[in-house]
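Okay, so here's the structure we're looking at.
Readers should treat all values here as calculations from the given coordinates under stated rules, not as data from a laboratory. Here the structure is a predicted model, which is why all the values come from computation and not from measurement. Cβ coordinates were reconstructed from backbone atoms using ideal geometry, including for glycine residues, and neighbour counts include every protein chain displayed.
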Amino acid sequence: MDLPTSSAPFGGGEAVRIPLFQVDAFTAVPFRGNPAAVCLLSQELPQELLQAIAAENNLSETAFLLPQGSWDGLPHYSLRWFTPTTEVDLCGHATLAAAHVLLSEVHPEAQEVAFSTRSGQVLVRQQGKRLAMDFPSQTPQPWLEAQEQVAAALGIPPLELYRGSMGVAVLASAQQVRQVQPNWAQVEALPVSGLIVTAGGADSEEGADFVCRVFAPRLGIPEDPVTGSAQCLLAPYWSKRLGRTELRVRQLSTRGGELWCRYLGARVEIAGQAVLVMVGELRIP
C-alpha cells in the first residue's frame, strides 16, 4: 500500500487526502475489543486539525502516524494519540491498531515497527497471531487520602487504593468489577486522568489472572472498552501479588477484550490481537 500524498499543504488549493483505518484492538473477532482510528499522514498537520479529526471520528482514540524513515533497520513512525477532546501521553489499543495497520497493510514484509511518542520510543513486534508492545511500567503508589472520594464515586469502598497516571481501586471480586456503576461526575472530579477498577480473576468466567475496567470521563471517555496503558500500572501490582510475571487479563466492558502481559521490571510487554474492520479516506478541503 502506498503512503498518502497531497499536492498542497493544508490551507492550499487542493484537499489533503488521508488514508483512514478503523481497527478493533485486543480481540480476534470484529466488533469486540476497543475500536481505534488510524490516520496515515504524509505531512505535519496543525494540532487543532488533528483534534478536530479525532472529534469527528468520535472513538476513544485516533492514532496519527507520520513516517520517519528507519530506526535500527525498522520502519519508524512518529505516533500521536487523541481522544475526542484531548491529546494523551500513552495509549495501548491505538498503538496496537497502528502497528496492525503498518505490519499488515504498509510493511507486510516487516515483523517489527518503531514509534516515537510523547512517552519515548515504543517497539511493537509480531508474536504469532498477536502483536506485543513494549511499554514503560509504573509502580502504583498508595492513595489513601482519596479513599472516601473514590468510594463515593464507585458506590463501593475499595479494598486498596493506588495511583500513578491513573487511579487504581482494588475490589474484592471479579463480580464486583463487572457490576460496579460509577457516578461519572464524581469520577471526573478525581485528581487523576482516569480510574481503574480491578480484582483477581479466580472467580471470573474467563479464567483470567485478573480483571479490570477503566473509567476516564475527564478524557471524554466514560468507559474505555479495553485499555492497554492501564496494564503499565496493573501488571506490576498483580505480578507482585500473584508471584509471577506472565499474566492473562480480561477487561470486563460491554465489548470486552483480552490482553497478555509480561512484567519486565522497568518495562511491560502487552500483547493482543487486532482486526481491521474499515478502510476509507479522509478529505480535508
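Net charge near Leu161, counting Lys/Arg +1 and Asp/Glu -1 over other residues with Cβ under 11 Å of its Cβ? Every neighbour counted, the sum reads -2. In the chain, taking the dipole from charged Cβ atoms about the Cα centre, the farthest positive-side position among Ala174, Val192, Gln43 is held by Ala174. About the centre of its Cα atoms, the stretch 129-210 shows a dipole size close to 200 debye [charges on the beta carbon of Lys, Arg (+1) and Asp, Glu (-1) only; nearest 20 debye].
Quick one: dipole size for the stretch 11-69, taken about the Cα centre, charges +1 on Lys/Arg Cβ and -1 on Asp/Glu Cβ, in debye to the nearest 20.
With only Lys, Arg, Asp and Glu charged at Cβ, the dipole is about 200 debye.
Under 5 Å from the amide H of Val168 lie the amide H atoms of Tyr162, Arg163, Ile196, each residue being 5 or more positions distant or on a separate chain, with H modelled from the backbone and absent for Pro and chain starts.
Each principal axis of the Cα cloud of the stretch 141-263 was evaluated for its coordinate range; sorted largest first, these ranges are 34, 29, 23 Å. Residues whose amide H comes within less than 5 Å of that of Gly257, counting only those at least five positions distant or on another chain, are Gln251 (H built at 1.01 Å from N in the peptide plane).
For the stretch 139-156, 3J(HN,Hα) computed residue by residue from phi via the Karplus equation (6.51, -1.76, 1.60; θ = phi - 60°) reads 8, x, 10, x, 9, 5, 5, 9, 3, 5, 5, 5, 4, 5, 5, 8, x, 7 Hz, glycine and proline entered as x. Assuming charge only on the beta carbon of Lys and Arg (+1) and of Asp and Glu (-1), the dipole of the chain about its Cα centre is about 540 debye to the nearest 20. Couplings 3J(HN,Hα) of the stretch 218-231, computed from phi: 4, 9, x, 10, x, 9, 7, x, 8, 10, x, 5, 4, 6 Hz, in residue order, whole Hz [Karplus 6.51 cos²θ - 1.76 cosθ + 1.60, θ = phi - 60°; x for Gly and Pro]. Residues in the stretch 207-217 carry Karplus couplings, in order, of x, 7, 6, 8, 10, 7, 9, 9, 10, 9, x Hz; the curve used is 6.51 cos²θ - 1.76 cosθ + 1.60 with θ = phi - 60°, and Gly or Pro positions show x. Amide hydrogen proximity for Leu264: with H placed 1.01 Å from N in the peptide plane, the residues at 5 or more positions away or on another chain lying under 5 Å are Glu269.
When the Cα positions of Gln138, Ala202, Ser104 are compared along the charge dipole of the chain, Ala202 comes out farthest toward the positive end, with charges on each C-beta of Lys, Arg, Asp and Glu.
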